[in-house]
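Here is the structure we will look at.
Values quoted throughout were computed directly from the atomic coordinates according to the rules given, and no laboratory measurement underlies them. For clarity, every value in this text was computed on a predicted model and none was experimentally measured. Note: ideal-geometry Cβ built from the backbone for every residue, glycine included; neighbour counts use all protein chains shown.
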Amino acid sequence: MFGILVSAFNSVLTWFLTQVVIKFVVFTAFFLIVSAFTAVLVSLLPSASSIDPAFAALDSGTAFFLNALAFPFGVSALLAAYATRFIIRRIPVIG
């Protein structure tokens, strides 16, 4: 009876170490690497101050409709989605 319990404990421990712990370490490393690369990429991107003169050149009618259609939010959401897709596709296990 004791041998069966030891065998069951060893199999559960082996599963836990190979499936849970190793995956936790690997995905934590992926998270830290992606976080570091994201910080570097954000520092290389142009700031929003370079976009302001382009919107200042629009006439009032165009600016009204762009604001009514939530164009600034849409552009920022689209760029964030593309950046996230780019970063996720660079992860070897997922992409």
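With springs only between Cα atoms under 10 Å apart, run a GNM on the chain and tell me which of Ala39, Ala56, Ala80 wobbles the most. Maximum fluctuation in the GNM of the chain, among the listed residues, is at Ala56.
Across Ser35, Ser43, Ser11, mean-square fluctuation computed from a Gaussian network of the chain (C-alpha pairs under 10 Å connected) peaks at Ser11. When the Cα convex hull of region 1-45 is projected onto planes of every orientation, the mean area is 2.8 nm². Segment Phe31..Ala57, full-extension length gain: 5.3 nm, with 0.36 nm per residue of separation and the alpha-carbon distance subtracted.
The value for the chain of Rg(Cα) / (2.2 N^0.38 Å) is 1.99. For region 47-95, place one equal point scatterer on every Cα, skip the solvent, and apply the Debye formula. What is log10 of I(q)/I(0) at q = 0.17 Å⁻¹? Log10 of I(q)/I(0), two decimals: -0.64.
Working from label points 7 Å from Cα in the Cα-to-Cβ sense, the Phe73 to Val20 distance is 4.2 nm.
Based on DSSP H runs of at least 4 residues, each adding -39500 (n - 2.57), what is the mean residue ellipticity at 222 nm of the chain after dividing by all its residues, to the nearest 500 deg cm²/dmol?
On the way: 5 runs with 70 residues, N = 95.
Calculated at 222 nm, the ellipticity per residue is -24000 deg cm²/dmol.
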